[in-house]
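Laboratory data are not the source of any read-out in this text; all were calculated from the coordinates shown. Small disclaimer: the values here were computed from a predicted structure and weren't measured. Note that each Cβ is placed from the backbone with ideal geometry, even for glycine, and that neighbours are counted across all protein chains shown.
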Ligand SMILES: Nc1nc2c(ncn2[C@@H]2O[C@H](COP(=O)(O)OP(=O)(O)OP(=O)(O)O)[C@@H](O)[C@H]2O)c(=O)[nH]1
Ligand SMILES: [Mg+2]
C-alpha cells in the first residue's frame, strides 16, 4: 500500500510538471484518475483553515476577501518519529522549508507570479509536499472559494471560472469532496453542499464556530 501511495504521489507530481492538471480536455487524461480529497465551499468559508487544522501547521494564506487564488495540491508524507518536518514546492526543487511562515509567503508569492497582484484566479496549481511525523499519507487540494459576483479587478467571468475549476476537480471519479460550510450560514444556502450534491459524491461537512 505504501508503495502504491508513493507511486501515485510521483504520478501526481509528473502530471503537474507536464501541465496535466484538470484543464478541459476532450480526452480523459492521467490526471483524471488520480485520487485526492478536494476542499470546496464558498469564499472565506474556512477551507484553508480546515486544511491547516488537518495538517496541524500554520502555513496557508488565510483571511477576508479572496485569498486562495490557485489550486494548491498538498501532498502529505508521513516520516519517522524524531525526523525534522519540512515542506517542499515542486517549482523550487531541492529547497527544503522548515519555517512554515516562509511556506505561506511562498504560496502567496507564487500565486502572484501567475496572476499578478490582482484578485484574478488561475487554474495552474501550486504543488506542495509536507513531510512530517504527524500526518497521514494523503493528497488534499485547497481550491479558490465559490463566489456570486465579480469584485473590483476581477474579470466578469470569474464566478463561472471558479465554478468550472472546482467542478474539474470534484467531478473526477476518484475525488472525495470535503465540503465546508460555516456555522452561521443556513445549510440550505450552502454553496459547498449544492455543488457536492450535484456530483453525488461522499460529503464531509464542517461547521465552524463563528466569533
Ligand atoms: N471565527 C472563526 N473564524 C474562522 C474560522 N475558520 C476560519 N475563520 C476565519 O475566516 C477567514 C477566512 O478563512 P480562510 O480559511 O482563509 O477561508 P477560505 O475558505 O480558505 O477563503 P478563500 O480561500 O478566500 O475562499 C479567516 O480570517 C479565518 O481566520 C472559525 O472556525 N471561526
Ligand atoms: Mg483559502
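Using only Cα atoms, locate the centre of segment 153-197 and the centre of segment 123-138, then give the distance between them in Å, rounded to an integer.
Cα centres, segment 153-197 to segment 123-138: 21 Å.
Tell me the mean residue ellipticity at 222 nm calculated for the chain from its helices only (DSSP H runs of n ≥ 4, each -39500 (n - 2.57), averaged over every residue, nearest 500).
-9500 deg cm²/dmol
When you take every Cα atom in the chain, what is the radius of gyration, and what is Dmax, the widest Cα pair distance, in Å?
Computed over the Cα atoms of the chain, radius of gyration and Dmax are 16.5, 50 Å.
Cβ neighbours within 10 Å, averaged per peptide: list 86-98, 36-48 in order, most packed at the top.
Working: 86-98: 14.2, 36-48: 23.3.
Descending packing order for the listed peptides: 36-48, 86-98.
Enumerate the residues in segment 114-137 having an amide nitrogen under 20 Å from the point lying 7 Å beyond the Cα of residue 159 toward its Cβ.
119-123
Can you put 108, 6 in order, fewest other beta carbons within 10 Å first? Intermediate results must be reported in sequence, preceding the final value.
Working: 108 15, 6 12.
If I rank by nearby Cβ atoms, fewest first, I get 6, 108.
What order do you get for 31, 197 when you list them from fewest to most C-beta neighbours inside 10 Å? Don't jump to the answer; show the numbers that get you there.
Numbers: 31 22, 197 13.
Ascending number of Cβ neighbours within 10 Å: 197, 31.
Pull up the DSSP beta bridges for segment 35-207 and report the antiparallel fraction as a percent, rounded to 5.
Details: 10 of 31 bridges.
Expressed as a percentage, antiparallel bridges in segment 35-207 total about 30.
May I ask for the angle, rounded to the nearest 10°, between helix 158-170 and the longest principal axis of the chain, with both axes built from Cα atoms and the value confined to 0 to 90°?
Approximately 50 degrees, to the nearest ten.
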